[in-house]
Amino acid sequence: MDYFRIHGDSALRGTVEASGAKNASLPALAATVLSESPTTLRRVPHVADVRTMLQILGLLGADVSAAGSGTGGWRVSAPSSLRTEVPYELVKTMRASVLFLGPLVSRFGHVRISLPGGCAIGTRPIDFHLQGLQAMGAEVTLHKGFVEATARRLKGSRFRFEKKSVTGAENLMMAAALAEGTTVLENCAREPEVQDVGALLTSMGAKIDGLGTDTVTIEGVDELRGTDHEVISDRIEAGTYLLAGVMTGGKVTVRGARPDHMTAVLELLADLGAGVSAEADSVSASYDRPLTARDVHTAPYPGFPTDLQAQYMALATQVEGRTRIKEGIFESRFLHAAELSRLGARIDVAGSLATVHGATRLEGTEVMATDLRASACLVLAGLTASGVTTVNRIYHLDRGYENLEEKLKRLGGRIERHAGQ
Ligand code: EPZ
C-alpha cells in the first residue's frame, strides 16, 4: 500500500485551485440514471470514489464517456434496459453507493444493493433513507445483507428526517423527482452539496422548492431530461488547505472556492487570530500572530463541518492552551487523536469530546491513516512536525483529495508518495 514521506517544518505559501466537490459529484453521478438522455457533469474530481461510482454505472449498463479530456467532464446516459442490482464488491468499498437507491427505484421500480458496512467513523445506518422510500410506497426488504426496494410508481409523501442526513436528503429528493404527486422533506439537510444535487435535478426538469432551507418540496414529474451541469467546488478540500497554511505558519489562497459555502471555517480562523480574506471565488488564510484557542462543535450546515474536524484537531495541537472539540455528527470520529498522539500531541478523548492541550512540538514518526479526513489531518501534522513523518494507508486520501501531493508541493510542502512494500 502506498505511503507518504513528509519532511516537516515547511510553512506552506502560495495558491492552489479548488477541485470540484467529491460529495456533490457522487450524488450527481447517481442522479444520471434518472434520465435516458445524456447528462454531462463537469469539474468532477479524479478521485477513487468517483471512479467507483463510474464503475457501478458501467456495470449497470449505463453509457459512460469522458467529456472534455482531462477537465473532469463525464457524459452518462442510462438506457431503459439499465440493470438495477448494485454489486456487493463495489458497495463494500464505498458506502455512497447507497445513493443509487432513490433514483433506481424511482425510475425503474426496483433496486437491489448490499447494505453498506460501517466504517472507521461509525455504523453509518441508512434507516432514514429506507423509511423515506417506504413513506413513498416502496416495498423495502432486508435479506442477507442486501436491501431491495420495489414500487410500481413511488407516490409523493410528507417525510420528516429524525436527524439531518446529507445523502438521505439527496436520495429522497432523487426518488421524489419522478414520484407521482408532491413530496415534502422536513428537517432536510441544507449542505451546499445537497443544494447542488437539487440544482442538477431542477436542470433535468424536476420541480423543487425550498433548496437551502430545511423544508424541501418536490413535485414529481413523469420524465427527466439530460442536462449539462458543473458541480460546485469542494469546500472541505479548500478548508483543508486553509487550515494547513495557518497551521504551518504560512499563507494559502484557494482559487475557485466558494466563500459563501465556508462561513463557519472562515469565521473560526478569524476568531483564532489568523489573517482571513475572501474574494468572489477565492479564499485566503495566513498565520500572522500566535493563535488563540477556540472550541468547536461540529454540526450540520451551516455549522462547522464534521469533515474538517480532524484537520482542525491537528491545527489545535499548535495553539497555546486548551481546545475542546465536540463531534456532533458521528459517534466515533476521533481515531486520528491516537495517531496525533504518536507525533507528540496531548489529546484527551471522552466520548464525543476531545480536549487538545497545546501547543506541542510535534516530532515526525510513522503513523497510519484510518479514514479520508483523518488522513488529511496526519498530512497536516507531518508538514508541521520536525523531522520526517510517514503516513501509511494513503488509499484513504486518494478517495477524496484530487492531486493532493502536487498541490502541497506547489505550496512548498516536501511530500513524496512511495509505493508500499
Ligand atoms: C455525508 O455522509 C458525507 N458523505 C460525509 O462525508 C459527511 O461527513 C456527512 O454527510 C455529514 O456531513 C457524502 O456526502 C458522500 P449523514 P452521510 O447521513 O450522508 C446518522 C467525507 O469525508 N444517520 O449526513 O452518510 C449518521 O449515522 C464523508 O467526505 C442515521 O442515523 O452522513 C450520522 O450520525 C465522511 N440514519 C448523521 O445521521 C440514516 O439513515 C449524519 O449522517 C442516515 C444518517
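The values are calculated or read from the model by the stated rules, or taken from the named source; none is laboratory data. The structure displayed is predicted, hence computed values, not measured ones. For neighbour counting, all protein chains shown are included, and Cβ atoms are generated from backbone atoms with ideal geometry for every residue, glycine included.
Would a scan of the stretch 61-75 turn up a residue that is in contact (Cβ under 8 Å) with a residue 40 or more places away in the chain, aliphatic (A, V, I, L, M) and either within 16 Å of the ligand (Cβ to nearest atom) or at negative phi (or both)?
Looking for residues that are in contact (Cβ under 8 Å) with a residue 40 or more places away in the chain, aliphatic (A, V, I, L, M) and either within 16 Å of the ligand (Cβ to nearest atom) or at negative phi (or both), one finds none in the stretch 61-75, hence no.
Evaluate the following for residue 307: is it among the acidic types (Asp, Glu) and part of a strand (DSSP E or B)? Spell out how you get there, then give the answer.
Values: among the acidic types (Asp, Glu): yes; part of a strand (DSSP E or B): no.
No.
Being touching a helix residue (DSSP H, G or I) at 6+ places or on another chain (Cβ under 6 Å), closer than 24 Å to residue 389 by Cβ, within 16 Å of the ligand (Cβ to nearest atom) and in contact (Cβ under 8 Å) with a residue 40 or more places away in the chain: is that true of residue 308 here?
yes
What are the residues in the stretch 218-275 that are assigned to a strand (DSSP E or B) and in contact (Cβ under 8 Å) with a residue 40 or more places away in the chain, if any? Talk me through it step by step, then tell me what you get.
Here is the first cut: in the stretch 218-275, the residues assigned to a strand (DSSP E or B) are 218-219, 228-230, 233, 251-255, 275.
Listed by number, the residues that qualify are 218, 219, 228, 229, 230, 233, 251, 252, 253, 254, 255.
Filter the stretch 1-51 for residues that are within 20 Å of residue 373 (Cβ to Cβ), surrounded by fewer than 24 Cβ atoms within 10 Å (Cβ to Cβ) and charged (D, E, K, R); which is nearest to the ligand (Cβ to nearest atom)?
That would be 49.
Would you mind stating whether residue 89 is surrounded by fewer than 17 Cβ atoms within 10 Å (Cβ to Cβ), within 25 Å of residue 144 (Cβ to Cβ), in contact (Cβ under 8 Å) with a residue 12 or more places away in the chain and not aromatic (Phe, Trp, Tyr)?
For residue 89, the condition - surrounded by fewer than 17 Cβ atoms within 10 Å (Cβ to Cβ), within 25 Å of residue 144 (Cβ to Cβ), in contact (Cβ under 8 Å) with a residue 12 or more places away in the chain and not aromatic (Phe, Trp, Tyr) - is not met.
Taking residue 168, is it part of a helix (DSSP H, G or I), in contact with a strand residue (DSSP E or B) (Cβ under 6 Å, 6 or more places away or on another chain) and within 25 Å of residue 301 (Cα to Cα)?
no
If you go through the stretch 382-402, how many residues are touching an Asp or Glu at 6+ places or on another chain (Cβ under 9 Å) and more than 16 Å from the ligand (Cβ to nearest atom)?
The total comes to 9.
Given the options 181, 226, 245, name the one that is closer than 30 Å to residue 363 by Cα and more than 16 Å from the ligand (Cβ to nearest atom).
245
Inside the stretch 322-349, can you point out the residues that are under 25 Å from the mean Cα position of the chain (by Cα), polar (S, T, N, Q) and within 24 Å of residue 249 (Cα to Cα)? Can you show your working first?
Within the stretch 322-349, the first condition is being under 25 Å from the mean Cα position of the chain (by Cα), and the residues that meet it are 323-340, 349.
Restricting the remaining residues to those that are polar (S, T, N, Q) gives 323, 332.
Within the stretch 322-349, 323 is the sole residue that qualifies.
Please pick out the residue among 167, 183, 240 that is within 30 Å of residue 382 (Cα to Cα), among the β-branched types (Val, Ile, Thr) and buried (at least 24 other Cβ atoms within 10 Å of the Cβ).
240
Look through 100, 128 and report the one residue that is in contact (Cβ under 8 Å) with a residue 12 or more places away in the chain, crowded, with 23+ Cβ neighbours inside 10 Å and either of a type in the set (A, V, I, L, M, F, W, C) or away from the ligand (no atom under 13 Å from the Cβ) (or both).
100
Collect the residues in the stretch 333-385 that are part of a helix (DSSP H, G or I) and among the hydroxyl-bearing types (Ser, Thr, Tyr), keeping them in residue-number order.
At the first step, the residues of the stretch 333-385 found to be part of a helix (DSSP H, G or I) are 335-342, 372-384.
Within the stretch 333-385, 341, 375, 384 meet the criteria.
Filter the stretch 350-391 for residues that are surrounded by fewer than 18 Cβ atoms within 10 Å (Cβ to Cβ), within 25 Å of the chain's Cα centre (by Cα) and under 22 Å from residue 2 (Cβ atoms) and give the result.
Listed by number, the list holds a single entry, 390.
Would you pick out the residues in the stretch 141-165 that are modelled with pLDDT of 95 or more, within 16 Å of the ligand (Cβ to nearest atom) and not hydroxyl-bearing (Ser, Thr, Tyr)?
149, 159, 160, 161, 162, 163, 164
Taking the stretch 155-195, which residues are touching a residue at least 60 places away in the same chain (Cβ under 8 Å) and closer than 16 Å to residue 126 by Cα?
Within the stretch 155-195, 164, 166, 167, 170, 171, 172, 173, 174, 175, 189 qualify.
Looking at 340, 291, 315, which is the one that is touching a Cys at 6+ places or on another chain (Cβ under 8 Å), more than 16 Å from the ligand (Cβ to nearest atom) and either closer than 16 Å to residue 239 by Cβ or without any contact (Cβ under 8 Å) to a residue 60 or more places away in the chain (or both)?
340
Given the structure, is residue 189 surrounded by fewer than 24 Cβ atoms within 10 Å (Cβ to Cβ), within 16 Å of the chain's Cα centre (by Cα) and at pLDDT 95 or above?
Yes: the conditions hold for residue 189.
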